[in-house]
Every structure is written in C-alpha cells, then in structure tokens.
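Asks: Sharing a structure here in structure tokens format.
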Amino acid sequence: MEKRIYTISANEPAVPGVYRLVLTADGAPQQRSGQFVQVAIPGKYLRRPLSVSLSEPGRLTLLYKVAGEGTATLTTLREGSELELLTGLGHGFHVEACRKKALLIGGGIGVAPLHQLCRDLRAAGREVVALLGFNTARDVLLHQELSALGADVHIATLDGQAGIKGLVTDALGQVAPSFDYFYVCGPMPMMRALHPLLSGPGEYSLEERMGCGTGVCFGCTVQTTEGPQRICHEGPVFLKDQLPW
Amino acid sequence: MVRDTSVNLCGIRLQNPVIPASGTFGQGFEMARWYALDKLGAICLKGTTLEPRFGNPTPRIAECTGGLLNAVGLQNPGIDALVSKVAPHVRSLCRTPLIANISGFSVEEFGICCEKADACEEIDLVEVNISCPNVHKGGMSFGTDPAAAAAVTRAARKALRKKPLLVKLTPLVTDITAIARACEDEGADALTLINTLPGMRIDIRRRKPVLANRTGGFSGPALLPVALRLVNLAAAACKIPIVGCGGVASASDVIEMMMAGATAVQVGSANLRDPMACPGIIDALPALMEELGIEKLEDIIGII
C-alpha cells in the first residue's frame, strides 16, 4: 500500500466505452492480483477506485469503463501526464487456493482483474478455463490475452455475435467445465445468478461506490456471514462461504 | 527556533492540534498501515451506539463540488466492542489521546454509553454527537433544540466522572450560541463545531437520489467558511474550548480555525481523499508558524 505518482504511457479506447490505461513509475512494486488502486482525477474531490488488469514491477495496466464525470475526465488525459495513485489496496484473489484447475468467470468490465489472476495461476502451474460474458462481440476484452497465457477461453455474448449466445450462466451450462476452485468478477446480478450454479469452493470480487478506498469511511460495506465488512478493506475479494446469498 | 505546536485541550496536552474526525478514520487503527499514529494530536474514534449497527444501505457516498455526501448511518460494533476490543487495539498501537465518539437515540442511551466509555482506561476524552434523531421526540435531532442538547449534555456529564466531555454540534440551527451555551451550562468541557451539513444529490438519468438513504451529510473543503463562522460565534459566546471541524485540509486551514477561536482542530473528509492528509498538515505547521511569526500555536487561539 503506497501513494505514488505514475506517468501515463497509454490511455486509449480498448472497446467502446472502455479504456486501457497504462501507467509507469520507476521502482513501483507489483501488487497482488485482485487488489485495486485509487486514482486522483483532476477537478474531482474523491479518488476513483479502478481495477488493475495487470501489475508488473514499475508498471500498471488498468481497464476502466467510462461511467460518469470522473472517468470521462480521465479519458482526456494524454500520454506523459502524471496521476497520483494509492496502490495495493484491498485483499486480492487467493491464487494458492486453487490446487489444479481454476474456473474464471468475468462479466463486462469485471473481466479486468482476471488477466493478472490468470497469469499468476498459470505461473503457479494451474490449468485455467475462463468464461467471459459481454453484451456484444464489439465489447469482448482479454480474449487473446488469456488465450496467450494458455487458458481455455469461452466467450458468451447476449446477441450471440461472438461465442455462445446468452449469459455466462448459459456458457457455464454448455461448457460444463471441471474445476477445483472458482474466481468470479462482474456485475452483482451476474454473480448472484452464478452463486447457486457453482459447486465447490471459490471466491467473488465485489464492487461498490467507494469513498476512501482505504477502510476509513465505511462507505462500501456489505453484509457477510462474519458481519458487516468493507469491500475496500476486508474485500474486494470474498470467499463463497462469506456471502449470505 | 523551535515552534511549539502543542495545545491544552481540557487539561490534556496534545503535541499538536490535529485530530482526525470521527467517521473518517476507520476504527482508529487502519491508518497505522500508512503512518505512525503517535504523530497525531489525538484520535477521534468512530461514532458508537449502544447496540451494534449495520448502518444504511449502499450507495452511501456521493461526490459533490468541494466535498462529498455520506450516509453511512453510524455503522459500528456497539459500545461494548469499542471498550473491550477497539480502544485497547488502538491503544496498543499508539500513546495518542483517544476520544470516544458517542451517539444515542435517547438520553438514556447517551448516559449508558458514556458510563461505559468512562470506565474504559484506554479512552481519554468523550465526544457526544447530538446530531442524531431523538426517537422519543419524533426523530427530531437533539442538536437543534437547546433543551434537548442540554438534556443529553446533563446525562453525559453525570455519567462521565473521570473524563472530559466534548459535545459535537450540528450547523443546522438558527442560533448556534443558544445551543452552545446550553451545553456549556450543563457542564460540557468543550464543544466540537461542526458536524456535516444535511444535503442530497440526484442522479438525473435514473431520476433517483444518488444515496440509497436519499439524504446525507455534506462535508469537505466547501464547508470551511461555514465552520469558521460558527466556531467564531461559539468561541465568543462560551468560555469552554472549541474544537474546530469542517473542511480543514491544510496547515493554513488549521491556523484559520485557531484564529477563529478553536483550541484544536479535527480533520475529516481530507482523510478520505488522502490517507497522508493529517501527517502532511502536521509536518507543514512549523514552517507556516515561522512564516507568520507564531512561536506558540496556543497564542493565536481566538485572536480575531
């Protein structure tokens, strides 16, 4: 966890409404997969919590959806501009929890943190099968990246223009993958719909509007089986058994 | 020259006047991962009620120009957890004076919570938040009625046999001096001004309030001038010390608050924006004092 100035080395549309932001800072440590960053946006009071798609020493790749004024302002910042970040926030994915084969499920912009998770799982010698759901073929993110890491990637689109027609829940039924541990990140309705369909242990990365991102304001609380917990602080990743769904 | 940043708050010597405000500093220990808590003048702990509370549904936060709205709704583990677990844990990390912040929905609840806080050896001072609704009076805030504010202060004063009592006031009143004097007359040792200002924001696309609770408390730098005026009025009306709170984000804001009449200063929203806000302010104080020709920070309290 640290505060550091990063320099923008790329900030370009990846797919409609989603930007890929590459940031560099000499000497910056790598953060765990599933941790997030808080980005100071010029003219905005609070920072914006963004998913890290890939963290490498001295370099962060973020995927962000243009969701409001803050992220719209972020799209206007050009290469060479500086951004102040709080990095290494929250508790990320438990890579070591998977023994042999992992199932990764992502929906929309929620696929972002699965890139680094997939890299880390593959580096640990685990097999990976990924189900990624989007609205249309134009929205598909990370297909090549995860395939290049050796994952077995299945795409689902609502209109059926790419991959399986339907939701990731449909893809789960059709692919019927074997796995010993699952990791899910996406919109809350998607995760709740998946919950009863996923047997075995696993975890979910949750999202909520945040204030501080550092555990001090209690703005992003979720009810868990262990009582109220902060998504930014105890999460964003929660184990299946922690969620009273 | 060594600049003396220390202040005396109700007989307790603070090494500097900077106190993170209740509700903007986690349970008091989270920020220890960013800096040593011993750096702070004091720490105001999260607002605590008799029973544990989940708080409001989310979204609880909405950005505004010059600050934010929050409707956390007093999420807390209850007074028993505060005195048995939270306060001892914070104390194990620092020697900084700790201020418990108590909320109640009846005069009796304030009294019970203050009694428990008084018996907790890790807690040095108690601040009561009288901006919460009084369930016995149709939900009207204790803090907007001098008689209700006096009743809470009396109950808290009676329960606190050992520890100084601070009463935190809401800005949403016609005459702050009437409330301030009512609390002083019932034995408050200090007053904290101000709590957040009620507000709301609307999502024009969804045609709904941004906050699940509809309304929340506005805080942030936009509040500083409002807070300065009320601190100044209360300081002129009362003899007891004032703790200034509202929009403070820099060393110069601290100096302004103290010139307006504050003995110590709480920093709130700035902690949400930047975890290093408080140490940054504390580190900047001596150089600013030198520039302004201030040897001893206490010398400027209420000079205007």
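The values are calculated or read from the model by the stated rules, or taken from the named source; none is laboratory data. The shown structure was predicted, so the numbers you read here are calculated from the model rather than taken from an experiment. Every residue, glycine as well, gets a Cβ built from its backbone with ideal geometry; the counts of neighbours run over all protein chains shown. When the accessible area is computed, the model is the full protein with side chains, heavy atoms only, and any ligands, DNA or RNA have been set aside. Shrake-Rupley method; radii C 1.70, N 1.55, O 1.52, S 1.80 Å.
Asks: Here is a list: B:Val83, B:Val90. Which entry is in a helix (DSSP H, G or I), at negative phi and within 14 Å of another protein chain (Cβ to nearest Cβ)?
Replies: B:Val90
Asks: Further question: Hey, any hits in the range B:99-111 for a residue that's surrounded by fewer than 24 Cβ atoms within 10 Å (Cβ to Cβ) and in contact with a His (Cβ under 6 Å, 6 or more places away or on another chain)?
Replies: Within the range B:99-111 (the criterion being surrounded by fewer than 24 Cβ atoms within 10 Å (Cβ to Cβ) and in contact with a His (Cβ under 6 Å, 6 or more places away or on another chain)), the answer is yes, since at least one residue qualifies.
Asks: Another question about this same structure. Name the residue, out of A:Phe36, A:Phe93, that is among the aromatic types (Phe, Trp, Tyr), out of contact with any Phe, Trp or Tyr (no Cβ under 9 Å at 6 or more places or on another chain) and open to solvent by less than 30 Å² (accessible area, probe 1.4 Å). So that I can check it myself, show each step before the final result.
Replies: On the way: A:Phe93 fails: out of contact with any Phe, Trp or Tyr (no Cβ under 9 Å at 6 or more places or on another chain).
Being among the aromatic types (Phe, Trp, Tyr), out of contact with any Phe, Trp or Tyr (no Cβ under 9 Å at 6 or more places or on another chain) and open to solvent by less than 30 Å² (accessible area, probe 1.4 Å) holds for just one of A:Phe36, A:Phe93, which is A:Phe36.
Asks: Given the conditions (1) within 14 Å of chain A (Cβ to nearest Cβ); (2) free of Cβ contacts under 8 Å to residues at least 12 places away in the same chain; (3) over 20 Å from B:Gly66 (Cα atoms); (4) not polar (S, T, N, Q), which single one is not true for B:Asp274?
Replies: Of everything listed in (1) within 14 Å of chain A (Cβ to nearest Cβ); (2) free of Cβ contacts under 8 Å to residues at least 12 places away in the same chain; (3) over 20 Å from B:Gly66 (Cα atoms); (4) not polar (S, T, N, Q), B:Asp274 misses just condition (3).
Asks: Considering only the range B:39-53, I want to know if a residue exists there that is outside any loop (DSSP other than H, G, I, E, B), within 11 Å of chain A (Cβ to nearest Cβ), modelled with pLDDT of 95 or more and open to solvent by 30 Å² or more (accessible area, probe 1.4 Å).
Replies: Yes: one or more hits.
Asks: Check off (1) closer than 18 Å to B:Glu109 by Cβ; (2) surrounded by fewer than 20 Cβ atoms within 10 Å (Cβ to Cβ); (3) modelled with pLDDT under 95 for B:Phe142 and give me the number that stays unchecked.
Replies: Looking at each condition in turn, B:Phe142 falls short on (2).
Asks: From A:Ala40, A:Ala28, which residue is at pLDDT below 95 and within 27 Å of B:Asn271 (Cα to Cα)?
Replies: Of A:Ala40, A:Ala28, the one residue that is at pLDDT below 95 and within 27 Å of B:Asn271 (Cα to Cα) is A:Ala28.
Asks: A further question follows. Within the range B:100-122, can you find the residues that are among the polar types (S, T, N, Q) and touching a strand residue (DSSP E or B) at 6+ places or on another chain (Cβ under 9 Å)?
Replies: Within the range B:100-122, B:Asn101, B:Ser103 qualify.
Asks: Let me ask something additional. From the list A:Leu23, A:Leu54, exactly one residue is open to solvent by less than 10 Å² (accessible area, probe 1.4 Å), assigned by TED's automatic domain parsing to the domain that holds A:Ile8 and either in contact (Cβ under 8 Å) with a residue 40 or more places away in the chain or of a type outside the set (Ser, Thr, Tyr) (or both). Which is it?
Replies: The conditions single out A:Leu23.
Asks: Out of all the residues in the range A:2-17, which are over 27 Å from B:Cys64 (Cβ atoms) and part of a loop (DSSP other than H, G, I, E, B)?
Replies: A:Pro16
Asks: Also, I was wondering about something else. Tell me which residues, restricted to the range B:278-304, are touching an Asp or Glu at 6+ places or on another chain (Cβ under 7 Å) and surrounded by fewer than 18 Cβ atoms within 10 Å (Cβ to Cβ).
Replies: Going residue by residue through the range B:278-304, those that are touching an Asp or Glu at 6+ places or on another chain (Cβ under 7 Å) are B:295-297.
Scanning the range B:278-304 gives B:Glu295, B:Lys296.
Asks: Exactly one condition in (1) within 12 Å of chain A (Cβ to nearest Cβ); (2) crowded, with 20+ Cβ neighbours inside 10 Å; (3) more than 22 Å from B:Leu191 (Cα to Cα) is not met by B:Gly78; state its number.
Replies: Only one criterion in (1) within 12 Å of chain A (Cβ to nearest Cβ); (2) crowded, with 20+ Cβ neighbours inside 10 Å; (3) more than 22 Å from B:Leu191 (Cα to Cα) is unmet by B:Gly78, namely (2).
Asks: Exactly one of these conditions fails for B:Thr65: (1) open to solvent by less than 40 Å² (accessible area, probe 1.4 Å); (2) within 13 Å of chain A (Cβ to nearest Cβ); (3) among the β-branched types (Val, Ile, Thr). Give me its number.
Replies: Checking B:Thr65 against (1) open to solvent by less than 40 Å² (accessible area, probe 1.4 Å); (2) within 13 Å of chain A (Cβ to nearest Cβ); (3) among the β-branched types (Val, Ile, Thr), the one that fails is (1).
Asks: If only one of B:Lys158, B:Lys168 is of a type in the set (Lys, Arg) and either touching a strand residue (DSSP E or B) at 6+ places or on another chain (Cβ under 9 Å) or modelled with pLDDT under 95 (or both), which one is it?
Replies: B:Lys168
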